[in-house]
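Visitor: Quick one: the structure is below, and I'll ask about it shortly.
The values are calculated or read from the model by the stated rules, or taken from the named source; none is laboratory data. No experiment lies behind these values; they were computed from the predicted model shown. FYI the Cβ positions are ideal-geometry reconstructions off the backbone, even for glycines, and counts take in every protein chain you see.
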Amino acid sequence: MVRIDIIELSKNFGGHRVLSDVNLSIAEGEFVALVGPSGCGKSTLLRIIAGLEAVTAGTVAFDGRPMNAVPPQARNVAMVFQSYALYPHMRVRGNLAFGLKQKGLRPDEIARRVDSAAKMLEIGSLLDRYPRELSGGQRQRVAMGRAMVREPVAFLLDEPLSNIDAQLRVSMRVEIRALQRRLAATTLYVTHDQVEAITLADRIALMNAGCIVQIGSPLDLYDRPANRFVAGFIGSPAMNFIPGRRIDRGVQAADGSIIVLPSSYLHADGDLLVGLRPEHLCLVVSETPTTLPTIDAVVRHVEHLGAESELYADGCRTHLCIRHFGRDVPAIGAPIRVAYDPTRIHLFDKTTGLRVAESTAEHEASSDNNTFAGSPLNSKEFQIST
Amino acid sequence: MTAIGIAGVDRFTAKAGTRRQAHAPSLVATPGAAAGWLLLRRAIRLLSIGLYAGFFLLPIAFLVTLTFKTRDEVLLGQFLTSKPTLENWWRAFQFINLTGFIGHSLAIACVSAAVTLIVATPATYAVARLRHGEFVGSFALSSFIPPPVVALLPLFFLMRWLGLLNTFAGMIVVYAFMNAPVAYWLLRGFVKKIPAALDEAAWIDGAGFAKTFFVINLPLLAPGVVATGLICLILSYNEFLFASLFAQDDSVRGLTVAISLFQGDRFVNFGQMAVASIAGILPIYLIAFVFQNRLVGGLVAGSEK
């Protein structure tokens with residue numbers, strides 16, 4: 001396995017800049033996910049690492065060795081394509097063996113590797129079938145097997161689960177991660193699904209418009225998003241954003257209501273965006289007074305997901321989403337009170353979208369005195385009146 | 001007829017769907033009317049197919065009847081003969097070496113089609129897939145804009161200078177490169193139909209461009225190659241202009257020129273000419289009949305999700 005370094009990489013297609021000064025290092029054996037909306041350049045970056053696209057500026061290096069001029073045939077990477085790209089006129093055995101034949105391996109070694117990969121991926125019974133005779137999940141396994149048998153220096157996966165049904169996607173995700181750990185493979189995984197990225201990756205590189213916006217562990221991006229874009233992209237449902245202006249001990253929203261800020265944000269000033277995740281908002285319907293600050297809202301829409309529900313409400317002159325544990329929700333059009341813990345607030349500058357840095361001492365103190373402890377189900381404040 | 005008429009309107013407006021609701025279902029629902037309407041639709045369909053097939057088969061049918069007519073009956077212009085005769089059949093094969101000419105045409109057409117495919121298939125892949133020299137397509141097509149007679153004299157002098165006049169090799173070279181642009185445009189669609197991801201997967205697996213073309217693309221192009229080869233074969237087989245000038249004696253002449261030999265100084269021997277035509281058509285019909293299934297692509301199924 002190798003360490004992959006991307007240094008000041010730029011790529012133009014015609015006059016259009018697709019990647020701008022991208023810097024990324026993937027350690028040996030690390031699993032990095034490239035996430036971002038469609039058109040952000042993540043697949044282009046992957047293809048450049050594979051050698052399928054030329055570089056406009058910058059360097060791609062494997063273990064410090066520049067690879068810009070090295071053709072894809074000589075890079076010894078393995079790629080799993082979004083469309084799998086299995087050779088339709090070859091049986092599964094032929095698909096797995098093709099890369100090994102190009103390496104000039106002996107037939108017995110080829111057979112050994114093919115059988116070993118087939119056993120690991122549980123596709124031994126499929127070796128004599130053609131790709132057209134396989135299901136989507138089976139084809140995905142064969143594509144993974146074709147990558148594995150070559151024992152490459154790195155695995156490059158381009159949205160391999162994007163067209164698999166939701167149930168199979170979860171199990172295949174677990175298999176891919178288990179396989180990567182077993183092989184200790186340097187892996188770069190491209191996806192537009194942030195849930196896949198968060199559950200699979202050691203680190204996530206979130207891209208937007210050809211740039212890497214933030215790199216870090218999944219929980220880093222979840223807990224401390226660098227800007228509004230990261231905050232809105234990571235987490236499902238997406239974070240709520242309430243625009244307002246800094247006054248007194250909080251931010252005044254468009255309808256005049258005050259969002260109370262924690263002491264770590266009291267130094268912030270000007271036009272701001274208050275970010276609160278749906279799972280950090282709590283529905284308060286009972287008449288029992290709460291010690292937490294609240295927002296008044298009106299229910300617009302409810303989605304029942306089984307054990308929990310998602311409420312969509314209008315409050316602070318904006319649309320809010322509240323994740324509620326349970327099925328007992330108010331009716332559409334009913335006025336509600338939504339409680340929030342100020343220490344869970346993310347604050348962003350409204351103009352630049354950048355995260356407002358917290359005052360360190362106050363932030364640590366307020367974290368120690370976190371009043372939002374435990375599940376809302378345990379608190380009497382959040383019992384809905386009957 | 002009312003039920004049939006309303007059912008007919010319902011069918012024609014089915015896609016727009018704007019007038020369907022206006023029809024009372026009970027007016028269409030009688031079994032007798034429905035059966036009559038089905039019968040009429042079948043009759044209309046058969047008549048349309050018959051007219052379409054007749055348009056193409058009638059000349060062949062007329063050609064066949066010509067072969068059984070005497071000279072006088074041919075001049076009368078009747079379709080059917082009242083005094084059928086087999087004289088034209090044995091006289092045609094006696095008058096000229098018809099089987100030899102058909103053999104020449106088939107040999108030249110088959111070899112030239114093969115050379116066309118050998119030249120055009122990798123060229124089409126390089127242009128359409130690897131995107132080298134995309135102007136080649138337009139340049140090739142431009143050679144078809146002027147009439148072929150424009151190339152006649154230059155080719156004649158070139159062939160004479162090369163010593164290829166009145167030779168099989170000369171005819172093959174002329175037809176092979178004459179049909180290369182046609183082959184490029186026919187194969188281009190087949191090449192573009194193969195997903196580019198297959199090539200990229202092969203490259204990442206370590207295969208070079210040549211191996212990727214021969215091992216991955218060529219098997220998938222087989223239906224297209226067969227179809228293109230067949231069309232180039234037919235074009236070479238039917239060609240008359242270059243054949244009449246470059247094949248100057250019976251050792252090289254093909255069928256198209258041989259048919260023209262039935263035209264005498266004072267009359268045209270239509271009956272024997274028709275025999276030569278029918279005999280010439282048969283090999284091509286048989287080839288197309290044998291290879292018709294290969295023309296249907298299906299190998300790409302299963303490569304993509």
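Visitor: Looking only at segment A:121-136, filter to residues that are buried (at least 19 other Cβ atoms within 10 Å of the Cβ) and assigned to a helix (DSSP H, G or I); which one of those is nearest to the other protein chains (Cβ to nearest Cβ)?
Guide: Residue satisfying both the conditions and the ranking: A:Pro131.
Visitor: List the residue pairs whose Cβ atoms are under 8 Å apart, where the first residue sits in segment A:69-88 and is facing chain B (nearest Cβ under 7 Å), the second is assigned to a loop (DSSP other than H, G, I, E, B) and of a type in the set (A, V, I, L, M, F, W, C), and the two are 6 or more positions apart or on different chains.
Guide: Correct list of pairs: A:Pro72/A:Leu52; A:Gln73/B:Ala207; A:Val77/A:Val153; A:Pro88/B:Leu299; A:Pro88/B:Val300; A:Pro88/B:Ala301.
Visitor: Could you check segment B:241-262 and list, in sequence order, the residues that are out of contact with any strand residue (DSSP E or B) (no Cβ under 7 Å at 6 or more places or on another chain) and not in a helix (DSSP H, G or I)? If you could, list the steps in order and put the result at the bottom.
Guide: Pass one, segment B:241-262, residues out of contact with any strand residue (DSSP E or B) (no Cβ under 7 Å at 6 or more places or on another chain): B:241-261.
Of everything in segment B:241-262, those that are out of contact with any strand residue (DSSP E or B) (no Cβ under 7 Å at 6 or more places or on another chain) and not in a helix (DSSP H, G or I) turn out to be B:Ala247, B:Gln248, B:Asp249, B:Asp250, B:Ser251, B:Val252, B:Arg253, B:Gly254, B:Leu261.
Residues checked against (1) at pLDDT 80 or above; (2) more than 17 Å from B:Gly271 (Cα to Cα):
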{"residue": "B:Leu40", "(1), (2)": "yes, yes"}
{"residue": "B:Leu46", "(1), (2)": "yes, yes"}
{"residue": "B:Leu51", "(1), (2)": "yes, yes"}
{"residue": "B:Gly54", "(1), (2)": "yes, yes"}
{"residue": "B:Leu57", "(1), (2)": "yes, yes"}
{"residue": "B:Ala61", "(1), (2)": "yes, no"}
{"residue": "B:Arg71", "(1), (2)": "no, no"}
{"residue": "B:Gly77", "(1), (2)": "no, no"}
{"residue": "B:Phe95", "(1), (2)": "no, no"}
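Visitor: Right, something else. Out of segment B:131-168, which residues are surrounded by 14 or more Cβ atoms within 10 Å (Cβ to Cβ) and of a type in the set (A, V, I, L, M, F, W, C)?
Guide: Passing the criteria: B:Val136, B:Ala140, B:Ala151, B:Leu152, B:Leu155, B:Phe156, B:Leu158, B:Met159, B:Leu164, B:Leu165, B:Phe168.
Visitor: Could you name every one of the strands (runs of 3 or more DSSP E) located completely within segment A:137-234 that has at least 2 residues being farther than 29 Å from A:Pro72 by Cβ and away from chain B (no Cβ under 14 Å)?
Guide: Output list reads A:211-216.
Visitor: Shifting gears a bit: When B:Leu286 is evaluated against the numbered criteria (1) surrounded by fewer than 13 Cβ atoms within 10 Å (Cβ to Cβ); (2) at pLDDT below 80; (3) within 20 Å of the chain's Cα centre (by Cα), which criterion, by number, is the only one it fails?
Guide: Of the numbered conditions (1) surrounded by fewer than 13 Cβ atoms within 10 Å (Cβ to Cβ); (2) at pLDDT below 80; (3) within 20 Å of the chain's Cα centre (by Cα), the odd one out for B:Leu286 is (2).
Visitor: Still on this structure: Counting just the residues of segment B:232-244 that are surrounded by fewer than 17 Cβ atoms within 10 Å (Cβ to Cβ) and among the hydrophobic types (A, V, I, L, M, F, W, C), which one comes out nearest to the other protein chains (Cβ to nearest Cβ)?
Guide: Checking each candidate, the answer is B:Ile234.
Visitor: Residues in segment A:103-119: is at least one hydrophobic (A, V, I, L, M, F, W, C), assigned by TED's automatic domain parsing to the domain that holds A:Cys40, surrounded by fewer than 16 Cβ atoms within 10 Å (Cβ to Cβ) and closer than 19 Å to A:Ala27 by Cβ?
Guide: no
Visitor: Oh, and also: If you check every pair at least six apart or on different chains, which have Cβ atoms under 7 Å apart with a residue in segment B:132-144 that is under 23 Å from B:Tyr175 (Cβ atoms) and without any contact (Cβ under 8 Å) to a residue 40 or more places away in the chain first and a residue that is surrounded by 12 or more Cβ atoms within 10 Å (Cβ to Cβ) and of a type outside the set (Phe, Trp, Tyr) second?
Guide: B:Ser143/B:Pro181; B:Phe144/B:Pro181
Visitor: Ok, one more. Restricting to segment B:198-220, what's the tally of residues that are facing chain A (nearest Cβ under 7 Å), without any contact (Cβ under 8 Å) to a residue 12 or more places away in the chain and assigned to a helix (DSSP H, G or I)?
Guide: Residues in segment B:198-220 being facing chain A (nearest Cβ under 7 Å), without any contact (Cβ under 8 Å) to a residue 12 or more places away in the chain and assigned to a helix (DSSP H, G or I): 4 in total.
Visitor: How many residues, within segment A:106-120, are in contact (Cβ under 8 Å) with a residue 24 or more places away in the chain and either within 12 Å of another protein chain (Cβ to nearest Cβ) or among the basic types (Lys, Arg) (or both)?
Guide: Residues flagged as in contact (Cβ under 8 Å) with a residue 24 or more places away in the chain and either within 12 Å of another protein chain (Cβ to nearest Cβ) or among the basic types (Lys, Arg) (or both) within segment A:106-120 amount to 1.
Visitor: On the given criteria, is B:Gly189 assigned to a loop (DSSP other than H, G, I, E, B) and more than 25 Å from B:Phe156 (Cα to Cα)?
Guide: When the stated conditions are applied, B:Gly189 does not pass them.
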